[in-house]
Amino acid sequence: MSAFYEFDQADAFTSGALGEPGSRLFVIQVRANGQRVTMKCEKQQVAALAQYMRQLLADAPDADDRPIVDAMQLSSPIDIEFVVGTVGIAYDSRNDCMVVQIEELVPTNDDNEPIDDVDPGRVRVQMSRGQAAAFCEHSDDVVAAGRPPCIFCGHPIDLDGHACPRMN
């Protein structure tokens with residue numbers, strides 16, 4: 001039996017990174033009604049979600065109900081519920097809210113069929129436009145807080161140096 005969480009109005013929808021740059025674990029966290037769901041994801045998933053959400057917000061009226069900065073921080077303890085697979089996002093103009101649905105990553109075989117007969121976990125959350133805008137800004141900061149890029153090739157520079165392919 002898989003977990004299904006539905007939040008009609010999130011208290012917080014945020015992202016974060018745990019660990020040191022170069023070996024960070026990225027997560028998305030939803031908090032509402034005393035519940036907390038944390039999902040492991042990839043850095044690129046956080047960046048893509050923020051980018052797409054920002055595109056949807058561009059067509060909506062400006063948001064002025066942004067949460068306080070502390071609400072964007074991860075809440076402890078951080079217990080991973082599942083690994084993020086597919087993500088769907090939409091703007092619900094009737095209810096004036098952003099809707100995000102996240103499904104668990106299900107392992108597949110070589111024929112792209114699920115390995116186990118499992119029902120993936122799902123999280124469906126509605127949030128205000130202000131919360132969505134705050135998620136975008138916060139996620140940009142989370143993604144950018146990693147290793148600095150090389151000015152010549154753009155690849156991340158490790159703490160112990162960088163063998164730049166453009167510096168023969």
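The values are calculated or read from the model by the stated rules, or taken from the named source; none is laboratory data. Given the structure is predicted, the values throughout are model-derived calculations rather than measurements. Note that we place each Cβ from the backbone using ideal geometry, even for glycine, and neighbour counts take in every protein chain shown.
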Residue check, Asp110 against (1) charged (D, E, K, R); (2) farther than 22 Å from Phe4 by Cα; (3) within 25 Å of the chain's Cα centre (by Cα), all met but one. Which one? (3)
Go through the stretch 3-16 and report how many residues are surrounded by fewer than 19 Cβ atoms within 10 Å (Cβ to Cβ) and assigned to a strand (DSSP E or B). 3
Which numbered condition Tyr52 fails, given (1) without any contact (Cβ under 8 Å) to a residue 12 or more places away in the chain; (2) out of contact with any helix residue (DSSP H, G or I) (no Cβ under 9 Å at 6 or more places or on another chain): (1)
Mind telling me which of the residues Ser76, Ser93 ends up being exposed (fewer than 12 other Cβ atoms within 10 Å of the Cβ), within 19 Å of Gly16 (Cα to Cα) and either modelled with pLDDT of 80 or more or among the polar types (S, T, N, Q) (or both)? Ser76
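Results for (1) within 15 Å of Gln131 (Cα to Cα); (2) surrounded by fewer than 19 Cβ atoms within 10 Å (Cβ to Cβ); (3) touching an Asp or Glu at 6+ places or on another chain (Cβ under 8 Å), shown as yes or no for each residue.
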site: Gly22; (1), (2), (3): no, yes, yes
site: Gln29; (1), (2), (3): yes, no, no
site: Thr86; (1), (2), (3): no, yes, yes
site: Leu105; (1), (2), (3): no, yes, no
Filter the stretch 1-58 down to the residues that are within 14 Å of Gln126 (Cα to Cα), modelled with pLDDT of 95 or more and among the polar types (S, T, N, Q) and list them by number. Thr14, Gln29
Residue pairs meeting the criteria (Cβ under 7 Å; at least 6 apart or on separate chains; first farther than 18 Å from Gln44 by Cα, in the stretch 131-153; second of a type in the set (Val, Ile, Thr) and crowded, with 18+ Cβ neighbours inside 10 Å): none
